[in-house]
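Reviewing the structure listed below.
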Amino acid sequence: MNPQYCCRCGVLTEEPVLVEEVHSASGPGLDVYACRDHALRVPAALTPAAALESALRGSHRLG
């Protein structure tokens, strides 16, 4: 894999970790990388599917 810049610290890393894929309707998407030290600190993105699932779970409460 090619070196990438970390989205948290901005340092060029030789061992990038893919932490998010940004999709675009008007062109190619974008991959976001982090260094190994910051990969677990990057908050998970809420995808449209995950947001829908969360909303459906919240609206169907029992009791």
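The length gained on full extension between N2 and E15, counted as 0.36 nm times the residue separation minus their Cα-Cα distance, comes to 3.8 nm. Counting only protein heavy atoms and using a 1.4 Å probe, the accessible area of L12 comes to about 90 Å².
The values are calculated or read from the model by the stated rules, or taken from the named source; none is laboratory data. Bear in mind that the values here come from a model prediction, so they are computed numbers and not experimental data. To get the accessible areas, we keep the full protein, side chains included, count just its heavy atoms, and leave off ligands, DNA and RNA. Shrake-Rupley method; radii C 1.70, N 1.55, O 1.52, S 1.80 Å.
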